[in-house]
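> Encoded as structure tokens, here's the structure I'll be asking about.
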Amino acid sequence: MDFLTILQVLDSTIRLATPLLLACLAGLFSERAGIFDIGLEGKMLAAAFFSAAVAYMTGSVWLGLLAGIAASMALSALHGIASITFQGNQLISGVAINFLAAGMTVLIAQDWFSQGGRTPSLTGAGRFNSITLPFAESLQSVPILGPIYHDLISGHTILVYVAFLMVPLTWWILFRTRFGLRLRAVGENPAAVDTAGVSVVGLRFAAVGICGILCGVAGAYLATALQAGFVKDMSAGRGYIALAALIFAKWRPWYALMSTMLFGFLQAIALRPDLIQNTIGVKVQVQLLDALPYILTVIILAGFVGKAIPPRAGGEPYVKER
Amino acid sequence: MSGTAPAIELKGISKAFGPVQANKDISIRVMPGTIHGIIGENGAGKSTLMSILYGFYKADKGEVFINGTKTEIPDSQAAIAAGIGMVFQHFKLVENFTVVENVILGAEDGAMLTPSIAKARKSLKQLAEEYELNVDPDAKIEDLSVGHQQRVEILKALYRQADILILDEPTGVLTPAEADHLFRILDNLRNEGKTIILITHKLREIMEYTDTVSVMRQGEMTATVKTAETSPEQLAELMVGRKVLLRVDKKPAAPGDVVLSVKDLKVTDGAGVERVKGISFDIRAGEIYGIAGVAGNGQSELMEVLGGMRTGTGTISLNGEPVDLTGKYSDGQSRRARGISHVPEDRHDEGLILDYTAWENTIFGYHRDPKWSSGPLMNNAAIIQEAEAKMQRFDVRPPIPTLKAKSFSGGNQQKIVLAREIEKNPDLLLVGQPTRGVDIGAIEFIHQEIIRLRDEGKAILLVSVELDEIRSLSDRIAVMFDGKIMGERDPETTDERELGLMMAGISEEPDKPAWKAVEENLEAVEHGEAPKHG
């Protein structure tokens, strides 16, 4: 395997890790505040559809992005009302959102575009296009670093850079700001926050809202950057993989980057069965390669990666005790 | 007095939860710079009243005056702004945060954390010096002893400039020495002009430490008196509404043969930590063997092994016959068959199934008894009839077997458990925390039942964290610390000070003041393999 091939695989690792990373950080905000969110999948899917649909109809990917975020936020609000305001079961609410999104997107797509539940392909300004970073061309000839800068770091869509910048930003918010301190506290012991005179409901809605924005960006990325349009079930379990990555990352932003990169890498090599065959000399079934991220998910969830302690008040609606 | 306004004045406070009137037209005045006690049974409405004052609940009716000014307290934020701080019975701390993070939570100075933390660190140091409130600002809460966690709660209130401090049952989880330290802190605070409200059910604390005291019964304030002008007997009568025997009346024990013999018993918990580290003792027929100690020093595990809820190593014999500790006959069913009854420490988790009816709860563990069956079916009518008789005899109120266990008060729930276990006429009765969360009237009854059983010639093992209870019921007292028995004492000749030291792991009397020795010992324990309290 030559240097350029490695760069290609890593490049597609970054592309494929981006939606996972965004969804994982979305889940991180929500779960750190004590709201389990199994509905990441549904929110991404809804955002993917609405971003593609609006981008196609208006010709502007930015309006598409906004529509995607709005759709995801609407589902987040639903989750918040069910699980925070009405103190319902967070898992049930999340599952309901996933079903709702899976059915509604296809139904509306068929109604609007009559293309078998997909949106028409996006072109031009209807998609996020890659950005060439400054000096990428001129530095390309520098050995090693040149190709790394040109092929790996440069040439992604704006959303990829946003996703990666979200990692230090999330860390900073969580551990260096008042909002972060309160957010973490409300996921550990909401009674402590309540008796300190801070609104538990307000904090949790804020967290769920941030989760909605990030899922919206993740979904829009799927339909308007990674692919050129919406197809049925295009989130393909990424919401669940992001949840597994979140557990793997022990609810920490930098670990989230690493765990989603691992999943992204597995998805990337699944696209290059030829490489695997050349490297290890045996032909591996494509189906097996495709299944790798999901197998890893099962392994992580089965607890083979050491003990992960979730936020202590996670999943529990907050009820004032008498 | 007439010149100063009361620090707190409540006028006509009423609060109902559904059909339950928790507070009825309550008025109270607390002068600044005093310690004011509020005493009452469980469910008398003490905590509700204080939660209203702290903005946790909204009163249906009534007014609050702070330092003479009428004040609305719609939420905790408003209470904090009015200078009120509260130390809840169950601490409201974030366990995996540091002390300083807990202190600033909700009282940060700006959107960024770093300056807030620096400021809090400085002010914690000052408060520590001023009030003997030493605690490491960078320690995580989960690594601190319960006594230190409580100090963090007090620090939280003081950091928010509280002038009025409410403490809800603050000594329930403390060793006597830790409690002494707490009251020294409260004394310092009073001397600085702070006003303290102490909610407790312990008459002794009221008598020793408060200036004035209010008594609550069934949601009403029955009296407010100067502590110096009242007596424990009078307060107890005001609480319960009738005369109460505070001292347990009992004849000297007449011990017979050894019933239970425990030799070198060791218990390791699920996490691999040795909880009981080789203890030996005998209990004879007709005696009560009391085990004192701060919660979490192996008493629970000891009870669970004896009751067949977990396994251990060593030897146990009952009436001279060995008892299976690990094998097929080491379960609770076999223990009951051998004549060991068990009143577990936690009646909600282990003693009862709260969502089941009282009559169902009166046969759990004995449900295989053929007398409850007719063929393959349960003979419900017979069980209900018998349950009603038991409930009458044990004074369970109301004596309605078809009510769910959760609808009874703590004292009556405990009576249901006792009725089930005592009625089987066991040779050995294991009783854990028999009066935790039980009101005074019911405590009296439960204590009398335990003594009656002893006088019938049964052996009784009593585990309790209430030292007063151990001292008044037991014929012999053992103190457990860190999985070992520190020693046995005769309740007639020992005193609270000696037992308190043993509870903190100190067997000899040192020259230095007791609280200091305990303090050092606890600190040493905290840094090594700490016996986790609570």
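> Return the total of residues in the stretch B:168-191 being open to solvent by 40 Å² or more (accessible area, probe 1.4 Å) and in contact with a Pro (Cβ under 8 Å, 6 or more places away or on another chain).
0
> I'm trying to understand the selection: among the residues of the stretch B:115-164, which are of a type in the set (Gly, Ala, Ser) and farther than 22 Å from residue B:184 by Cα? Break it down into steps so the answer makes sense when it comes.
As a first pass, look at the stretch B:115-164 and keep what is of a type in the set (Gly, Ala, Ser): B:116, B:118, B:120, B:123, B:128, B:139, B:145, B:147, B:157, B:162.
Selection gives B:116, B:118, B:120, B:139.
> Look through the stretch B:70-86, keep the residues that are open to solvent by 10 Å² or more (accessible area, probe 1.4 Å) and outside any loop (DSSP other than H, G, I, E, B), and return whichever of them is nearest to the other protein chains (Cβ to nearest Cβ).
Out of the qualifying residues, it is B:77.
> Got at least one residue in the stretch A:208-229 being open to solvent by less than 80 Å² (accessible area, probe 1.4 Å), farther than 15 Å from residue A:29 by Cβ and in a loop (DSSP other than H, G, I, E, B)?
Yes, because at least one residue in the stretch A:208-229 is open to solvent by less than 80 Å² (accessible area, probe 1.4 Å), farther than 15 Å from residue A:29 by Cβ and in a loop (DSSP other than H, G, I, E, B).
> Taking the criterion of being within 29 Å of residue A:117 (Cβ to Cβ) and open to solvent by 10 Å² or more (accessible area, probe 1.4 Å), would at least one residue in the stretch A:247-261 satisfy it?
no
> Those residues that are over 22 Å from residue B:424 (Cβ atoms) and open to solvent by 20 Å² or more (accessible area, probe 1.4 Å), I need them from the stretch B:311-321; list them, please.
If the condition is that a residue be over 22 Å from residue B:424 (Cβ atoms) and open to solvent by 20 Å² or more (accessible area, probe 1.4 Å), then B:311, B:313, B:314, B:315 are the ones that fit.
> Of all residues in the stretch A:153-199, how many are part of a loop (DSSP other than H, G, I, E, B), touching a residue at least 24 places away in the same chain (Cβ under 8 Å) and within 8 Å of chain B (Cβ to nearest Cβ)?
1
> Could you count how many residues in the stretch B:136-151 are surrounded by 16 or more Cβ atoms within 10 Å (Cβ to Cβ), closer than 28 Å to residue A:199 by Cβ and either within 11 Å of another protein chain (Cβ to nearest Cβ) or of a type in the set (Gly, Ala, Ser) (or both)?
1
> Which of (1) farther than 18 Å from residue A:23 by Cα; (2) out of contact with any Ser or Thr (no Cβ under 7 Å at 6 or more places or on another chain); (3) in a helix (DSSP H, G or I) is the odd one out, the single condition residue A:115 does not satisfy?
For residue A:115, the failing item is (3).
> Exactly one of these conditions fails for residue B:89: (1) farther than 30 Å from residue A:172 by Cβ; (2) assigned to a helix (DSSP H, G or I); (3) within 14 Å of another protein chain (Cβ to nearest Cβ). Give me its number.
Here residue B:89 meets the rest and fails (2).
> So residue B:383 ticks every box in (1) within 31 Å of the chain's Cα centre (by Cα); (2) modelled with pLDDT of 90 or more but one. Which box is left unticked?
It fails just one condition, (1).
> Residue A:257 - would you say it is touching a Leu at 6+ places or on another chain (Cβ under 7 Å) and without any contact (Cβ under 8 Å) to a residue 40 or more places away in the chain?
No.
> Kindly check whether there is at least one residue in the stretch B:116-135 that is under 30 Å from residue A:169 (Cβ atoms), more than 8 Å from chain A (Cβ to nearest Cβ), at pLDDT below 95 and in a loop (DSSP other than H, G, I, E, B).
no
Quick grid of which residues meet (1) closer than 20 Å to residue B:455 by Cβ; (2) open to solvent by less than 10 Å² (accessible area, probe 1.4 Å); (3) in a helix (DSSP H, G or I):
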position	(1), (2), (3)
B:382	no, no, yes
B:387	no, yes, yes
B:396	no, yes, no
B:400	no, no, no
B:418	yes, yes, yes
B:436	no, no, no
B:443	yes, no, yes
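> Scan B:194, B:156 and give me the residue that is crowded, with 20+ Cβ neighbours inside 10 Å, basic (Lys, Arg) and out of contact with any helix residue (DSSP H, G or I) (no Cβ under 8 Å at 6 or more places or on another chain). Break it down stepwise before answering.
Working: B:156 fails: out of contact with any helix residue (DSSP H, G or I) (no Cβ under 8 Å at 6 or more places or on another chain).
One residue alone meets the criteria, B:194.
> Take residue B:267 and decide whether it is in the same structural domain as residue B:464 (by TED's automatic domain parsing), of a type in the set (A, V, I, L, M, F, W, C) and closer than 30 Å to residue B:146 by Cβ. Don't jump to the end; show me each part of the working.
On the way: in the same structural domain as residue B:464 (by TED's automatic domain parsing): yes; of a type in the set (A, V, I, L, M, F, W, C): yes; closer than 30 Å to residue B:146 by Cβ: yes.
In short, yes.
> Taking residue B:134 as meeting all but one of (1) within 14 Å of residue B:156 (Cβ to Cβ); (2) under 26 Å from the mean Cα position of the chain (by Cα), write down the number of the exception.
Of (1) within 14 Å of residue B:156 (Cβ to Cβ); (2) under 26 Å from the mean Cα position of the chain (by Cα), only one is false for residue B:134: (1).
> A further question on this structure: From the list A:55, A:77, A:102, which one is hydrophobic (A, V, I, L, M, F, W, C), assigned to a helix (DSSP H, G or I) and open to solvent by less than 10 Å² (accessible area, probe 1.4 Å)?
Just one listed residue meets the conditions, A:55.
> Regarding residue B:248, is this residue touching a Ser or Thr at 6+ places or on another chain (Cβ under 8 Å), open to solvent by less than 20 Å² (accessible area, probe 1.4 Å) and not in a strand (DSSP E or B)?
Spelling it out, it is not the case that residue B:248 is touching a Ser or Thr at 6+ places or on another chain (Cβ under 8 Å), open to solvent by less than 20 Å² (accessible area, probe 1.4 Å) and not in a strand (DSSP E or B).
> Related question: Within the stretch B:1-58, count every residue that is out of contact with any helix residue (DSSP H, G or I) (no Cβ under 9 Å at 6 or more places or on another chain) and open to solvent by 40 Å² or more (accessible area, probe 1.4 Å).
16
> Might you let me know whether the stretch A:308-315 holds any residue that is β-branched (Val, Ile, Thr), part of a helix (DSSP H, G or I) and either on the phi < 0 side of the Ramachandran plot or touching an Asp or Glu at 6+ places or on another chain (Cβ under 7 Å) (or both)?
Filtering the stretch A:308-315 for residues β-branched (Val, Ile, Thr) gives A:309.
Within this subset, residues satisfying the condition of being part of a helix (DSSP H, G or I) are none.
Checked the stretch A:308-315: no residue is β-branched (Val, Ile, Thr), part of a helix (DSSP H, G or I) and either on the phi < 0 side of the Ramachandran plot or touching an Asp or Glu at 6+ places or on another chain (Cβ under 7 Å) (or both).
> Can we say residue B:67 is within 14 Å of chain A (Cβ to nearest Cβ) and surrounded by 15 or more Cβ atoms within 10 Å (Cβ to Cβ)?
no
> Here is a follow-up. Out of everything in the stretch A:281-320 that is without any contact (Cβ under 8 Å) to a residue 12 or more places away in the chain and touching a Pro at 6+ places or on another chain (Cβ under 8 Å), what residue ends up being most open to solvent (accessible area, probe 1.4 Å)?
Only one residue fits best here, namely A:283.
> Same structure, new question: For the stretch A:84-97, indicate whether the set of residues that are farther than 16 Å from residue A:218 by Cα, open to solvent by less than 30 Å² (accessible area, probe 1.4 Å), part of a loop (DSSP other than H, G, I, E, B) and touching a residue at least 60 places away in the same chain (Cβ under 8 Å) is non-empty.
Yes, some residue in the stretch A:84-97 is farther than 16 Å from residue A:218 by Cα, open to solvent by less than 30 Å² (accessible area, probe 1.4 Å), part of a loop (DSSP other than H, G, I, E, B) and touching a residue at least 60 places away in the same chain (Cβ under 8 Å).
> Looking only at the stretch A:56-79, which residues are of a type in the set (Gly, Ala, Ser) and in contact with a Lys or Arg (Cβ under 7 Å, 6 or more places away or on another chain)?
A:72, A:76
> Report yes if some residue within the stretch A:141-151 is assigned to a helix (DSSP H, G or I) and crowded, with 20+ Cβ neighbours inside 10 Å; otherwise report no. If you could, list the steps in order and put the result at the bottom.
Looking only at the stretch A:141-151, we keep the residues that are assigned to a helix (DSSP H, G or I), and these are A:145-151.
From what is left, the residues that are crowded, with 20+ Cβ neighbours inside 10 Å are A:150.
Yes, there is a match, as at least one residue in the stretch A:141-151 is assigned to a helix (DSSP H, G or I) and crowded, with 20+ Cβ neighbours inside 10 Å.
> While we're looking at this one, here's another question. Identify all residues within the stretch B:98-115 that are touching a strand residue (DSSP E or B) at 6+ places or on another chain (Cβ under 8 Å) and within 7 Å of another protein chain (Cβ to nearest Cβ); write none if there are none.
The answer is B:111, B:112, B:113.
> Could you go through the stretch B:292-300 and let me know if any residue there is at pLDDT 90 or above and assigned to a strand (DSSP E or B).
Yes, some residue in the stretch B:292-300 is at pLDDT 90 or above and assigned to a strand (DSSP E or B).
The values are calculated or read from the model by the stated rules, or taken from the named source; none is laboratory data. Note that this is a predicted model, so its numbers are computed, not measured. Don't worry about glycine lacking a Cβ; one is built from the backbone with ideal geometry, like all the others, and counts go over all protein chains shown. What goes into the accessible areas is simple: the full protein's heavy atoms, side chains included, and nothing from ligands, DNA or RNA. Shrake-Rupley method; radii C 1.70, N 1.55, O 1.52, S 1.80 Å.
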